[in-house]
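Report on the following structure.
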Amino acid sequence: MKLSLYTDDLREAPVDLLAVGVFSDEPDRGLTFAHLNRGLDGALESACREEDFKGRPGQTLVFNVGGGLLAKRVLVYGYGPRAGYGPEAARRLAGEAARVALKVGAASMALQLTIPEQGDGEPQSVLALVQALAEGAELGTYRYVEYRTKEQRPTALKEAKVAFVAEDVQGIRGAQLRAALQKGQAMADAVAVARDLVNCPPNVLTPIELSERAKKVAKAHELAIKVLTVRDMERQNMNLHLGVGKGSRNEPRLVHMTYTPDKKTSDRVICLVGKGLTFDAGGLSLKPADGMMEMKIDMGGAAAVIGAMQAVANLKPGCVVHGIIGAAENMPDGNAIRPGDIITGKKGISVEILNTDAEGRLVLADALAYAQDQRPTDIVDLATLTGACMVALGKLTAGAFVREEDLAEDLAAAWKESGEAFWRMPLDGALRDQLDSDVADIKNLGERWGGAITAALFLQAFVDEGVRWAHLDVAGPVFSGKAAGHTPKGATGFGVRTLAALVERLAARTEA
Ligand code: BES
Ligand code: MN
Ligand code: ZN
């Protein structure tokens with residue numbers, strides 16, 4: 001999509017769709033709305049009254065223009081209360097506009113850039129808003145049509161203009177604004193990589209295919225990549241990961257991507273580790289049919305890591321970043337691991353397997369051990385790890401288990417910037433004895449209560465002190481049952497933008 005800036009009169013914007021945002025606590029609906037409404041002889045306000053448009057968050061109204069404006073349609077979008085306005089509201093307006101544009105076959109749109117009152121003249125916030133509009137516009141056009149024989153990827157929407165009053169962004173040069181548009185576009189491209197991977201059916205996206213697609217990303221974006229085969233993993237005693245893979249004819253793989261800066265300005269070494277179960281049938285502890293239906297999404301953490309590595313390659317931070325993916329398929333088979341098996345992996349800790357459906361933590365235990373060999377200062381793992389996390393937080397919010405407070409602060413700042421929904425969860429040591437085994441060092445199953453926490457505590461047993469570590473349980477938000485804002489139905493690409501924002505933030509620190 002072509003992204004540009006627009007500073008002329010919005011009544012004269014020659015576009016198929018014009019999107020304007022209004023606040024729920026401003027009954028006059030703001031200056032831009034009033035200006036358009038006057039051009040339409042009050043018809044826009046009448047339409048809003050008729051449809052009971054209040055500006056509630058995400059509320060939309062599409063108005064067909066008969067004359068008075070050059071635009072063919074106006075989308076009025078509800079930001080909700082002014083106090084809650086920020087980049088995420090702008091991103092959602094743009095995403096909603098893009099989805100309306102696709103539906104009505106609009107080829108061009110203009111998006112109102114609303115500048116918060118307090119943020120006036122604060123260049124950071126204006127650039128973040130411009131980037132968010134670009135992201136939302138691109139993210140909203142995403143559709144997965146790979147396997148539709150009759151439907152092609154819609155190509156109608158070709159252009160988005162970010163519209164603002166020039167005086168409002170005084171002091172910010174056009175070049176900076178255009179760079180923000182470009183950054184938003186690159187970020188949305190990286191999210192689309194993750195969405196494509198998660199949407200891909202599990203008969204196609206096997207662990208080997210996942211590694212092939214990571215290679216393609218690495219090649220296109222000049223990242224180093226190494227793929228460990230079963231033999232390589234045997235040499236490294238990755239028996240937990242291999243064990244999970246044994247129940248499937250599709251061999252497991254460990255993927256290791258590396259970004260190295262041209263000029264190192266920070267001693268941070270960051271490992272992003274993703275759970276890459278291309279399908280999770282549960283193994284011999286087989287899932288019921290209902291629970292299995294969505295299990296192609298069990299590589300959502302890995303997809304986010306691959307997307308984030310692409311984003312990192314674009315952002316060019318000044319520190320080394322590793323992307324490590326434990327890829328496997330969890331199936332029941334004569335050769336599968338059984339409840340009762342004891343397996344010792346790369347870290348030398350013996351694990352009693354009591355439920356083969358708690359496989360993510362087994363794969364991650366070896367991937368985390370591999371990550372520690374890279375001498376990292378920070379490890380962040382992403383995993384669709386537990387249904388319990390969805391019970392705790394719902395489908396829209398990810399659980400963040402963070403061991404070190406300084407990393408927790410940086411992570412919270414990163415998710416505030418990305419607008420992705422995370423909630424800090426406790427690494428409550430009091431639950432640790434649930435994982436005590438009678439016959440091995442640890443078992444892979446705790447009680448029903450606090451299942452997301454005991455899963456995190458299991459992982460923690462495999463991460464040495466002295467490295468900062470965070471575990472993000474993204475089981476809920478990687479996939480969505482309905483479209484809203486910049487998020488389509490299906491894969492969301494959740495995590496990519498937060499990881500990218502985190503890497504940028506950590507790389508800005510010179511000390512390790
Ligand atoms: N991949 C699942 C978790 C999951 C469930 C992700 C639903 C997305 C949607 C994971 O491997 C799993 O099966 N976890 C079990 C753990 C249990 C056996 C301790 C669970 O959550 O039920
Ligand atoms: Mn499972
Ligand atoms: Zn799983």
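The values are calculated or read from the model by the stated rules, or taken from the named source; none is laboratory data. Everything numeric here is computed off the predicted structure, so don't read it as measured data. Note that each Cβ is placed from the backbone with ideal geometry, even for glycine, and that neighbours are counted across all protein chains shown. Keep in mind that these areas ignore ligands, DNA and RNA; they rest on the heavy atoms of the full protein, side chains included. Shrake-Rupley method; radii C 1.70, N 1.55, O 1.52, S 1.80 Å.
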Protection proxy ranking, peptides 157-163, 357-363, 259-265, 312-318, average beta carbon neighbours within 10 Å, highest first: 357-363, 157-163, 312-318, 259-265
Checked segment 29-107 against the a/c 1.5 cut and the a/b vs b/c comparison, axes a ≥ b ≥ c from its Cα gyration tensor; verdict oblate
What's the extension gain from residue 35 to residue 286 if we count 0.36 nm per residue and subtract their Cα-Cα distance? 84.3 nm
If you look for lysine pairs in segment 2-165 that are eight or more places apart or on different chains, how many of them have Cα atoms under 18 Å apart? 7
Tilt, helix 123-140 to longest principal axis of the chain (alpha-carbon atoms), in degrees rounded to tens, equals 80
Accessible area per residue, Å², the chain with all protein chains present, probe 1.4 Å: 41
Run the helix sum for the chain: -39,500 (n - 2.57) per DSSP H stretch of 4+ residues, divided by residue count, reported at 222 nm to the nearest 500 deg cm²/dmol. -11000 deg cm²/dmol
re segment 2-165: pairs of Cα atoms spaced beyond 19 Å account for a percent value of 52
Between the helical axis of 360-372 and the dominant principal axis of the chain, each derived from Cα atoms, what acute angle in degrees is found, rounded to the nearest 10? 90
Kirkwood Rh in Å, taken over all unlike Cα pairs in segment 314-436: 17.1
For a quick protection proxy, order the peptides 468-478, 201-211, 45-55 by their average other-Cβ count within 10 Å, most packed first. 468-478, 201-211, 45-55
Net charge near residue 388, counting Lys/Arg +1 and Asp/Glu -1 over other residues with Cβ under 9 Å of its Cβ? 0
Can you tell me how segment 84-147 classifies by the Cα gyration tensor, rounded, prolate or oblate, using a/c under 1.5 as the rounded cut? prolate
Apply the a/c threshold of 1.5 to the C-alpha gyration tensor of the chain and tell me whether it is rounded, prolate or oblate. prolate
Share of segment 2-165's accessible area from carbon and sulfur, percent, 1.4 Å? 48
Using only the alpha-carbon atoms, how far is helix 87-104 inclined from the longest principal axis of the chain? Give it as 0 to 90 degrees, nearest 10. 80
Which residues among segment 259-278 fall inside the zone where the amide N is under 20 Å from a point 7 Å beyond the Cα of residue 509, along Cα→Cβ? 259-261, 264-273
